[in-house]
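Step one of this worksheet: look at the structure below.
The values are calculated or read from the model by the stated rules, or taken from the named source; none is laboratory data. Just so you know, these numbers come straight off a predicted model, no measurement behind them. For neighbour counting, all protein chains shown are included, and Cβ atoms are generated from backbone atoms with ideal geometry for every residue, glycine included.
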Amino acid sequence: MNLMKQTNDGIKWLFIVLATFLFVSFSITLPSVSAQEGTPPIPSATSTGTVVLETEEPLIATATPTEITEDSTFFLTAIPTAFTEETPLQAQEAEQQAPPFQTMQQPGFPPESIWPAFNISDTDTASIDPSFAVDSAGNIHMVWAEAQEGNKWDIYYAYTYILTTEDGEKKLLSRPINVSQSPSFSSGDPQIALDNSGTVHIVWMEEDNDYVNDSEIMYSHCSISENAIINCEPSVSLSGPLNWDCGNFLPDLQDWASGAPAITINQSNKVMVVWRASEPAQITQPYSTWQAGATPPTIRTGCAPMGGISDLYRYVGGRRVAGGESNFGMAFSSLYNGVDEIFYTEFTNNSWSTPILVTTGGYPDLFLDKNTGQSHVSLCTTNGNLKYWNITAQSLENIPANSCAGGSSIVVDSNGIPHVFWVEGGQVYLSKNDGGWSAAQMVNQSSGGEGRPDAAADNNGNVHVVWQDTRDGIAEAYYSYSYSCEGIVTCYGKCDQVK
């Protein structure tokens, strides 16, 4: 009896020792509790792009800043829901997750292209309407509209920044952040501008439910901390009050549908936003202006001119505003009696000048050279020709393009050379005027088709362009540039064409 009891006790103690050994061994290889909590669930997506969470835990963005690689993924496909971005990875962690920027290889660079291409949005849902600006350090600040669950769209913002490592400086892309944060309404057509302090100013169109087909112009500004964290303020409406009518039917103070916002900031750090308002028997151009850093007005500042002698039955179309030293310029199209006309006007001393009729046509784009004060306008004439308007000579110049359906984008580099981008045959093309307009060159060939180019320039003479691209089977926001061969980025054997 005692012998059996001793045997059972021995077996029990042996089992306890064995269990303890297994537990200790397992705990050595298992991540700590804090490490597991630091890995929130990553949402997956269905084939239709609908976001599906793998758990019922709160959705937290888990995408990490990723080094820029050609035609590759910038970040995981998690969708951020907070206004504040998480702290970027330290240098060693970031290097473990992406190959060095300098090792990008030429494969994937289409043979007929002159510049490389990078997928900025790169998500499982459609990304459209890209727009961007370049800061004084050459960093890119980009916005676009991103499809969300339930046929809804939100506005996203991301930027590039320099990460200093033991191997030198490397350009990374931040995690995109949801700026619009609309719980139920769709947002689109975002535009972006930077003030003298580096603060990002963003406007967009957003649906409203005041009445059928209503929409408002929304505004937000974002700052970036020293450790690269984005903080965007809650959005406010620039067009919501009922006393901002600009038409000939005052005082019919109805909240008209608003859209197509344009934003710019001049060297005096003053913000200008102009948009389109669909009022009875005409489409008008309300505008608001305020000093950067101050609270934007809740009531529109005034009404921009619409072109022609009479505004009645005149329908304003697209526009582009640009800031100068202390003034603003605006090019816009205006339909009257079935004829689409293009006008140019300037805002000085708190008033708009009488618009100058440039030509008949549409889709004007404007660049105001802050160094010289000269305005540069590209446009599509009524017969579909791409033209450049020389404001000094008051004349039109031909740009070698077969068509310009959908408009163009113009930018002038720091050497004073105008560059014009447009879409032809589903591809973005470029021509520049360095003593004469060059033959059209394809920026980066896409197998799916491209559209809506937007261009900007930095202080080092580099030109940058973004566009909407479907080469990946779904619309994404793509980016390219014209860095010189002496820069931190190689030209992939294309230096003779880039220069």
Please find, within the range 458-479, the residue that is modelled with the lowest pLDDT out of those that are surrounded by fewer than 22 Cβ atoms within 10 Å (Cβ to Cβ) and either among the hydrophobic types (A, V, I, L, M, F, W, C) or touching a His at 6+ places or on another chain (Cβ under 9 Å) (or both). D458
For the range 249-261, how many residues meet the condition of being crowded, with 16+ Cβ neighbours inside 10 Å, modelled with pLDDT under 90 and either on the phi > 0 side of the Ramachandran plot or not charged (D, E, K, R) (or both)? 2
I need the full set of residues from the range 209-235 which are in a loop (DSSP other than H, G, I, E, B), in contact (Cβ under 8 Å) with a residue 12 or more places away in the chain and of a type in the set (S, T, N, Q), in order please. N209, N213, N227, S235
Of (1) touching a Ser or Thr at 6+ places or on another chain (Cβ under 8 Å); (2) hydrophobic (A, V, I, L, M, F, W, C); (3) modelled with pLDDT under 90, C485 satisfies all except one. Which? (1)
I'm told E169 meets every condition in (1) surrounded by fewer than 18 Cβ atoms within 10 Å (Cβ to Cβ); (2) within 13 Å of the chain's Cα centre (by Cα) except one. Can you identify the failing condition by its number? (2)
Does any residue of the range 262-279 turn out to be charged (D, E, K, R), modelled with pLDDT of 95 or more and in a loop (DSSP other than H, G, I, E, B)? no
Quick one: count up the residues across the range 283-329 that are of a type in the set (A, V, I, L, M, F, W, C) and not in a loop (DSSP other than H, G, I, E, B). 7
Residue within the range 304-313 that is out of contact with any Pro (no Cβ under 6 Å at 6 or more places or on another chain), at pLDDT 90 or above and farther than 22 Å from N213 by Cα present: yes
Within the range 393-408, how many residues turn out to be within 15 Å of G362 (Cα to Cα) and either surrounded by 23 or more Cβ atoms within 10 Å (Cβ to Cβ) or in contact with a Cys (Cβ under 9 Å, 6 or more places away or on another chain) (or both)? 6
For C380: the one exception among (1) surrounded by fewer than 19 Cβ atoms within 10 Å (Cβ to Cβ); (2) of a type outside the set (K, R); (3) assigned to a strand (DSSP E or B): (1)
Scan the range 428-442 and give yes if some residue there is part of a strand (DSSP E or B), closer than 19 Å to E476 by Cβ and polar (S, T, N, Q), otherwise no. no
Within the range 115-158, count every residue that is among the aromatic types (F, W, Y) and more than 9 Å from the chain's Cα centre (by Cα). 3
Checked the range 316-371 for anything of a type in the set (F, W, Y) and closer than 17 Å to T289 by Cβ; matches are F328, F332, F347, W352
If I filter the range 366-376 for residues that are of a type in the set (G, A, S), in a loop (DSSP other than H, G, I, E, B) and either surrounded by 13 or more Cβ atoms within 10 Å (Cβ to Cβ) or free of Cβ contacts under 8 Å to residues at least 60 places away in the same chain (or both), do I get at least one hit? yes
Taking into account only those residues within the range 171-208 that are assigned to a strand (DSSP E or B) and small (G, A, S), which is farthest from A260 (Cα to Cα)? A193
